[in-house]
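Q: Below are the structure tokens for one structure; questions will follow.
The values are calculated or read from the model by the stated rules, or taken from the named source; none is laboratory data. Computed from a predicted structure; not experimentally measured. Quick reminder, even Gly has a Cβ in these numbers, built from the backbone with ideal geometry, and neighbours come from all protein chains shown. Surface areas here come from the heavy atoms of the whole protein model, side chains and all, with no ligands, DNA or RNA. Shrake-Rupley method; radii C 1.70, N 1.55, O 1.52, S 1.80 Å.
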Amino acid sequence: MTYDSIVIGSGQAGNPLSHRLADLGWKVALVEKAHLGGTCINTGCTPTKAMVASAQVAHYARNAARWGVRASGVSVDLAKVVERKEKIVESFRSGQRSRVDQRPNLTLHRGHARFLAPRRLQVADQILEGERIFINTGTRTDVPRLEGLDAVQYLTNASLMELRDVPEHLLVLGGGYIGLEFGQMFRRFGSQVTIVHRGAHVLGREDDDVADEMQRILEGEGIRFVLEAQTRYVEKKGGGIALSFTVQDRPETVAGSHLLVATGRRPNTGDLGLDKAGIETDQRGFIRVDNRLRTNVPNHWALGPETDRILGAAILGSEGGELVQMLGGLMLADAPYTVLKGAVYIHPTLMEGFFGLMDDVKPAA
Ligand SMILES: Cc1cc2nc3c(=O)[nH]c(=O)nc-3n(C[C@H](O)[C@H](O)[C@H](O)COP(=O)(O)OP(=O)(O)OC[C@H]3O[C@@H](n4cnc5c(N)ncnc54)[C@H](O)[C@@H]3O)c2cc1C
């Protein structure tokens, strides 16, 4: 079968791109080996945020007295939480399916795509040829080489969200955003949580002050952190799992009922046949791309002394994900931070915090 373009992977870029190209009149193939929608819809953003919402309700209910509300006997029915999450995910998936079905010149091929040549792919027993080929194959959990790991039933972000009973004690290996998000979620569901991280600060990509504050907040919710841990081995112990590591050469072991591996993500490029297409990857397996195609994700607050432009931002607080978009918009518009000075904000809103923040801006040393 011959197409004007073939999109491999129905993730964040592959879906909208395939729709847009089909709308322009191109004959397009979309190849997907698993569920439509990729990580975000199936095992990433959508299901986690659905479950985070349940965890937040549990947290508010447990702490209702702070708002002068009496609530007692708060407990979490994880099976119901998971059922709700699955309904949401399923509705998103079927939305993706109908967007494909609406486009007669867009064909969905189910199966694993492998290059046979630069413009030729094998998908199941079919050969697809395309003038242009777009690769959007995403990432998966990067499972570390750790003695004993294969012999225990460890969890990943996907399998953790399938549990029907709240774990008694969740060990989380990795203090990145996935480890922290699940750590807080399951703590709020009622688990004891221990996060074991090899760095000196959690959230390695964030500024240390943001990461340390995040750790402090989570410790306030009862999560235990072990930092600078060099893992040694994992073993089954008393019906649970024991994780052994050293901290500054001191051996230590923590035992829990479940273990989540959240030590990073690796690209799905190893079995794509990229060598047949002559496509280069870097040492970690990521496809090398031109600098202009790289997304620059701002992760720290820094204001320029000469241009007044915002170079990046991190907001740690309630609805920080919503608020930070205001700054993202200014960056896109290449506008100086000063346009926010003296703006009229609706009161009372979280957004009005920008009023004081902008007035406080000092030139960087
Ligand atoms: C637990 C978790 C929570 C997250 N939460 C958020 C969040 O709240 N906000 C946020 O912005 N981001 C979040 N992310 C990150 C977000 O999910 C990813 O950045 C995003 O999904 C990446 O999209 P992608 O299109 O690159 O890849 P993917 O979404 O992974 O899509 C790749 C697709 O390609 C398919 N594929 C792979 N190889 C082949 C092949 N050879 N043949 C055919 N198909 C193939 C895969 O099955 C998959 O469907 C989260 C991630 C995780 C893991």
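Q: Yes or no: segment 345-354 includes at least one residue that is under 25 Å from the mean Cα position of the chain (by Cα) and acidic (Asp, Glu).
A: Looking through segment 345-354, none of the residues is under 25 Å from the mean Cα position of the chain (by Cα) and acidic (Asp, Glu).
Q: So for segment 294-307 (the condition being surrounded by 11 or more Cβ atoms within 10 Å (Cβ to Cβ) and modelled with pLDDT of 55 or more), does at least one residue qualify?
A: Going residue by residue through segment 294-307, those that are surrounded by 11 or more Cβ atoms within 10 Å (Cβ to Cβ) are 298-304, 307.
Still in the running and modelled with pLDDT of 55 or more: 307.
So far as segment 294-307 goes, yes, one or more of its residues are surrounded by 11 or more Cβ atoms within 10 Å (Cβ to Cβ) and modelled with pLDDT of 55 or more.
Q: While we're on this one: I'd like to verify a number: residues in segment 32-42 that are more than 6 Å from the ligand (Cβ to nearest atom) and either closer than 13 Å to Met161 by Cα or assigned to a helix (DSSP H, G or I) (or both), how many?
A: To start, the set of residues in segment 32-42 that are more than 6 Å from the ligand (Cβ to nearest atom) comprises 35-37, 41-42.
If we keep only those that are either closer than 13 Å to Met161 by Cα or assigned to a helix (DSSP H, G or I) (or both) too, we end up with 41-42.
Count: 2.
Q: Filter segment 76-107 for residues that are of a type in the set (D, E, K, R) and closer than 28 Å to Glu129 by Cβ; which is nearest to the ligand (Cβ to nearest atom)?
A: Arg97
Q: Scanning segment 179-203 for residues that are over 16 Å from Gln215 (Cβ atoms) and in a loop (DSSP other than H, G, I, E, B), which turns out nearest to the ligand (Cβ to nearest atom)?
A: Per the stated criteria, the residue is Ser191.
Q: Any residue in segment 184-198 that is out of contact with any Lys or Arg (no Cβ under 6 Å at 6 or more places or on another chain) and surrounded by fewer than 16 Cβ atoms within 10 Å (Cβ to Cβ)? Lay out the reasoning, then the answer.
A: Taking segment 184-198 as the starting set, the residues that turn out to be out of contact with any Lys or Arg (no Cβ under 6 Å at 6 or more places or on another chain) are 184-192, 195-198.
Pick out the ones that are also surrounded by fewer than 16 Cβ atoms within 10 Å (Cβ to Cβ) and you get none.
Scanning segment 184-198, I find no residue that is out of contact with any Lys or Arg (no Cβ under 6 Å at 6 or more places or on another chain) and surrounded by fewer than 16 Cβ atoms within 10 Å (Cβ to Cβ), so the answer is no.
Q: Would you please name the residue that is nearest to the ligand (Cβ to nearest atom), looking only at residues in segment 120-139 that are within 26 Å of Phe286 (Cα to Cα) and surrounded by fewer than 16 Cβ atoms within 10 Å (Cβ to Cβ)?
A: Looking only at segment 120-139, we keep the residues that are within 26 Å of Phe286 (Cα to Cα), and these are 120-124, 127-139.
Those left that are additionally surrounded by fewer than 16 Cβ atoms within 10 Å (Cβ to Cβ): 124, 127, 129, 131-132.
Numbers: Ala124: 10, Ile127: 14, Glu129: 16, Glu131: 19, Arg132: 17 Å.
The residue in question is Ala124.
Q: Does Val254 satisfy the condition of being part of a loop (DSSP other than H, G, I, E, B) and either open to solvent by less than 60 Å² (accessible area, probe 1.4 Å) or among the aliphatic types (A, V, I, L, M) (or both)? First the steps, then the outcome.
A: Numbers: part of a loop (DSSP other than H, G, I, E, B): no; either open to solvent by less than 60 Å² (accessible area, probe 1.4 Å) or among the aliphatic types (A, V, I, L, M) (or both): yes.
Answer is no for this residue.
Q: Go through segment 164-178 and report how many residues are touching a Leu at 6+ places or on another chain (Cβ under 7 Å), within 16 Å of the ligand (Cβ to nearest atom), outside any loop (DSSP other than H, G, I, E, B) and more than 16 Å from Ala58 (Cβ to Cβ).
A: Summing the residues that are touching a Leu at 6+ places or on another chain (Cβ under 7 Å), within 16 Å of the ligand (Cβ to nearest atom), outside any loop (DSSP other than H, G, I, E, B) and more than 16 Å from Ala58 (Cβ to Cβ) in segment 164-178 gives 3.
Q: Additional query: Quick one: in segment 140-151, of everything that is of a type in the set (D, E, K, R) and part of a loop (DSSP other than H, G, I, E, B), which residue is farthest from the ligand (Cβ to nearest atom)? Talk me through it step by step, then tell me what you get.
A: As a first pass, look at segment 140-151 and keep what is of a type in the set (D, E, K, R): 140, 142, 145, 147, 150.
Checking which are part of a loop (DSSP other than H, G, I, E, B) leaves us with 142, 145.
Working: Asp142: 11, Arg145: 20 Å.
Here the answer is Arg145.
Q: Please tell me if Arg110 is more than 17 Å from Gly270 (Cβ to Cβ) and more than 13 Å from the ligand (Cβ to nearest atom).
A: Taking the combined requirement at face value, the residue does not satisfy it.
Q: Given the residues Gly199, Gly220, Gly176, which is the only one that is more than 18 Å from the chain's Cα centre (by Cα), modelled with pLDDT of 95 or more and under 18 Å from Pro144 (Cα atoms)? Give the steps one after another, and end with the answer.
A: Working: Gly220 fails: under 18 Å from Pro144 (Cα atoms); Gly176 fails: more than 18 Å from the chain's Cα centre (by Cα).
Selected residue: Gly199, the only one of Gly199, Gly220, Gly176 that is more than 18 Å from the chain's Cα centre (by Cα), modelled with pLDDT of 95 or more and under 18 Å from Pro144 (Cα atoms).
Q: Name the residue, out of Gly73, Gly25, Gly11, that is assigned to a loop (DSSP other than H, G, I, E, B) and within 15 Å of the ligand (Cβ to nearest atom). Before you say what the answer is, go through the steps one by one.
A: Values: Gly73 fails: within 15 Å of the ligand (Cβ to nearest atom); Gly25 fails: within 15 Å of the ligand (Cβ to nearest atom).
Answer to the selection: Gly11.
Q: Same structure, new question: One residue is enough: does segment 143-157 have a residue meeting the conditions under 27 Å from Glu235 (Cα atoms), in contact with a helix residue (DSSP H, G or I) (Cβ under 8 Å, 6 or more places away or on another chain), crowded, with 18+ Cβ neighbours inside 10 Å and not hydroxyl-bearing (Ser, Thr, Tyr)?
A: Going residue by residue through segment 143-157, those that are under 27 Å from Glu235 (Cα atoms) are 143-157.
Going one step further and asking which of them are in contact with a helix residue (DSSP H, G or I) (Cβ under 8 Å, 6 or more places away or on another chain), we end up with 143, 157.
When the remaining residues are screened for being crowded, with 18+ Cβ neighbours inside 10 Å, the result is 157.
Applying the additional criterion that residues be not hydroxyl-bearing (Ser, Thr, Tyr) yields 157.
Yes, segment 143-157 contains a residue that is under 27 Å from Glu235 (Cα atoms), in contact with a helix residue (DSSP H, G or I) (Cβ under 8 Å, 6 or more places away or on another chain), crowded, with 18+ Cβ neighbours inside 10 Å and not hydroxyl-bearing (Ser, Thr, Tyr).
Q: Let me ask something additional. When both residues are 6+ apart or on different chains and their Cβ atoms are under 7 Å apart, which pairs have a first residue that lies in segment 1-17 and is within 18 Å of Leu272 (Cα to Cα) and among the hydroxyl-bearing types (Ser, Thr, Tyr), and a second that is near the ligand (Cβ under 10 Å from one of its atoms) and open to solvent by less than 10 Å² (accessible area, probe 1.4 Å)?
A: Ser10/Leu30; Ser10/Leu36; Ser10/Gly37
Q: If I filter segment 43-65 for residues that are near the ligand (Cβ under 10 Å from one of its atoms) and either free of Cβ contacts under 8 Å to residues at least 40 places away in the same chain or surrounded by fewer than 14 Cβ atoms within 10 Å (Cβ to Cβ) (or both), do I get at least one hit?
A: The answer is yes, given that some residue of segment 43-65 is near the ligand (Cβ under 10 Å from one of its atoms) and either free of Cβ contacts under 8 Å to residues at least 40 places away in the same chain or surrounded by fewer than 14 Cβ atoms within 10 Å (Cβ to Cβ) (or both).
Q: Continuing with the same structure: Among the residues of segment 257-266, what is the count of those that are surrounded by 18 or more Cβ atoms within 10 Å (Cβ to Cβ) and either assigned to a strand (DSSP E or B) or of a type in the set (Lys, Arg) (or both)? Break it down into steps so the answer makes sense when it comes.
A: Of the residues in segment 257-266, the ones surrounded by 18 or more Cβ atoms within 10 Å (Cβ to Cβ) are 258-263.
Narrowing the set further to residues that are either assigned to a strand (DSSP E or B) or of a type in the set (Lys, Arg) (or both) leaves 258-261.
Total satisfying the criteria: 4.
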